[in-house]
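Here's the structure we're looking at; comments come further down.
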Amino acid sequence: MPFDKKQLPFIFLHVPRTGGLAMSKIFFKLFKDKEMFLMYVDNPEGVSKDSVEKFIGLPQLEKEKILYLGGHASFGLHRYYDQFTYFTMIRNPVKRIISVYGLALGEPEHYLHKMTISNQWSLTDFVESKISTEFDNGMVRMLSGIENVPFGKCTNEMYDRAIYNFDKYFPTFGITEKFYESVCLLNLTYGLKIDKFKEKVNTSKVNLSEAQKTDEVIELITKYNEFDLKLYQYANEKFEKIKAKHTNFNQQLEELYISNANYNEELKPTPLKASLSKINKLVNGFFK
């Protein structure tokens, strides 16, 4: 067992489009199937909250057999345990929303695909539609644990709650734009030996032209994600402080780059969906 029993279950709060699938595949190697409970969409008409409700409905004895909880679920599942460990990934919110649009365009099973295609939405149209609260401070929403808040109604109190939870319950975390460094911190924090992984999984199937990423649409995304931008800045500052506590960080990071580069050279190219052994075809329906 890679973790101390006092640190389990390990709860991965997977914010959509933050590199969480790549990180999940790392975690999957650390636990047996029977030890894990995943909270994603398990059918095209469902939502990830269906899986959350299924977890909540389990007898407590069954819950206590679970060592890894992961998926699109808001903060709060720790209330069923006396001990636990949280982890999450944080991403630049502008890049995250653009990534959501790219996936919605290219993935027929995405919950916004049909609407995006039928309306021929540009990126600007997509964001202005306000069709999903995912476009409105989605990271703060999930970290705060406060649900059912209408679009445009996030508050300072929600942000403060998200920061409180983040500081109190997440010993370490990842930054999407610093994926290798995030893995290195996981190793150093928990004494793990993760050195073989794929950094990019489930990438958007549609590469947007730079013409769509106008100053106007970036300003629009920024407007709707004021609190997520504050969270992203706060997380980056905290991330650097955590790194500084590990005097051997740079050495460990260099070794990680080398070992994982060798591993990726050995990998044979395979179709994306064939490579997803545990959450193949699962799409984000958390904000559905």
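FYI, it's all coordinate maths here, none of it is from the lab. Everything numeric here is computed off the predicted structure, so don't read it as measured data. Every residue, glycine among them, receives a Cβ derived from its backbone with ideal geometry; neighbour counts consider all protein chains shown.
For the reader, a short list of remarks on this structure follows.
- Taking every DSSP beta bridge that has both ends in the chain, the antiparallel portion is near 0%.
- Taking 7 Å steps out from each Cα toward its Cβ at ALA261 and GLU147 produces label points 4.5 nm apart.
- Qualifying aspartates and glutamates (Cα of each under 17 Å from Cα of LYS95; at least 8 residues distant if same chain): ASP125, GLU128, GLU134, ASP136, GLU177, GLU199, GLU210, ASP215, GLU216, GLU219, GLU226, ASP228
- Rounded to 0.05, the FRET efficiency of the LYS168 and LYS193 pair, given R0 = 30 Å and the Cβ-Cβ distance, is 0.60.
- Neighbour-count order for LEU105, LEU192, LEU231, LEU143, fewest beta carbons within 10 angstrom listed first: LEU192, LEU105, LEU231, LEU143
- For volume of the Cα convex hull per residue in Å³, calculated from these coordinates, the label among (1) 138; (2) 90; (3) 123: (1)
- Subset of LYS114/LYS168; LYS6/LYS130; LYS54/LYS168; LYS29/LYS63; LYS200/LYS245; LYS65/LYS130 violating a 32 Å alpha-carbon distance limit: LYS114/LYS168; LYS6/LYS130; LYS65/LYS130
- Exposure rule at most 16 other beta-carbon atoms within 10 Å, DSSP loop GluC sites (Glu not before Pro): the chain longest free segment: 211-288
- FRET efficiency estimate (nearest 0.05) - Cβ-Cβ, TYR80 to ASP33, R0 30 angstrom: 0.90
- Across the chain, Cα pairs under 8 Å and at least six residues apart give a relative contact order of 27 percent.
- Sequence-distant residues sharing a close amide H with ILE11 (under 5 Å, placed H): LEU69, THR85, TYR86, PHE87
- In a fully extended conformation the segment linking LYS245 and MET115 would gain 42.1 nm over its present Cα-Cα distance, using 0.36 nm per residue.
- Rounded Å value of the spacing that divides the Cα centres of segment 113-156 and segment 230-251: 29
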